[in-house]
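A short write-up of the structure that comes next.
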Amino acid sequence: MNSLDHVVVAQSVDDFFRIHEPNINLIILPRDENNAVKKFFEEIHKRFANQNTSSYFYECFPDDIFKPRLDHHFQDVRNLEGCEEAVNDLTCLADSFRKISRRNQRYHQMYIDLALLGEVNDTPAFHTDKVELRLICTYLGRGTEWVSNDNVNRESLTNGEDINSRIRDQSKIYQIKPFWVALMKGELYVGNRGREIIHRSPNLGDKDLSRVRYRITSTPSNYK
């Protein structure tokens, strides 16, 4: 990936605050894979992914109670190796996101979900998000794919249009690696309409149908 003026490759979660800079709409934090956490999510996927819903949990989280709520969601698998490390990582990302989303002094609703994906994936078509901010981390399987601003023809782009046909160079589709964290601006971020990062869920091949995706979203409290 060449240097892009609207993308920041972070050194730590402290760099997430740069998402509030006017010209920045994506921050990527590279991280090493944690083997214990990966094995934990492999077991979670194996046990629960075949149920009727892909969401292991989805909840609107009040501030400052992430750890107790996450402990509650994982209470039946506390004995699995890597559970405590996984919960700590989920909590750390949620707490960092809370601080970032409240930076501009607006009140937000904050939604957190953990999805266990397989043959039916999230959103395989390129799209933008009608949110304020969104954080995504894939713990297992392939990560989110995205394109740079200058690789999309947004002229007269309409809602519901197939954005894939607007990609100028299909060879310049980037992918977030497992355990890496992506923080992106959406349409509802003030002043960002028309500059939302364009992204999609990865295509899951026959040999790579397991995916565990963690997502945190903020929207204005008055948004319906």
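Laboratory data are not the source of any read-out in this text; all were calculated from the coordinates shown. A quick note: this is a predicted structure, and the numbers were derived from the prediction, not measured. So basically every Cβ, Gly included, is an ideal-geometry build from the backbone, and we count neighbours across all protein chains shown.
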Q.
On a 19 Å Cα-Cα criterion, which of the cross-link pairs Lys38/Lys99; Lys67/Lys99; Lys130/Lys185; Lys99/Lys185 come out too long?
A. Lys38/Lys99
Q. If you take the beta carbon distance between Gln109 and Glu85 as r and set R0 to 35 Å, what does 1/(1 + (r/R0)^6) give as a FRET efficiency, to the nearest 0.05?
A. 0.80
Q. How do Met184, Met110 line up, fewest other C-beta atoms within 10 Å first?
A. Met110, Met184
Q: Would you mind ranking Ser218, Ser54 by Cβ crowding within 10 Å, fewest neighbours first?
A: Ser54, Ser218
Q. Once fully extended, how much extra length lies between His127 and Lys39, figured as 0.36 nm per residue of separation less the alpha-carbon to alpha-carbon distance?
A. 28.6 nm
Q) Using the count of nearby Cβ atoms within 10 Å as a rough guide to exposure, how do Arg211, Arg69 rank from fewest to most? A) Arg69, Arg211
Q. R0 = 22 Å: FRET efficiency of Gln175 with Tyr58, Cβ-based, nearest 0.05?
A. 0.35
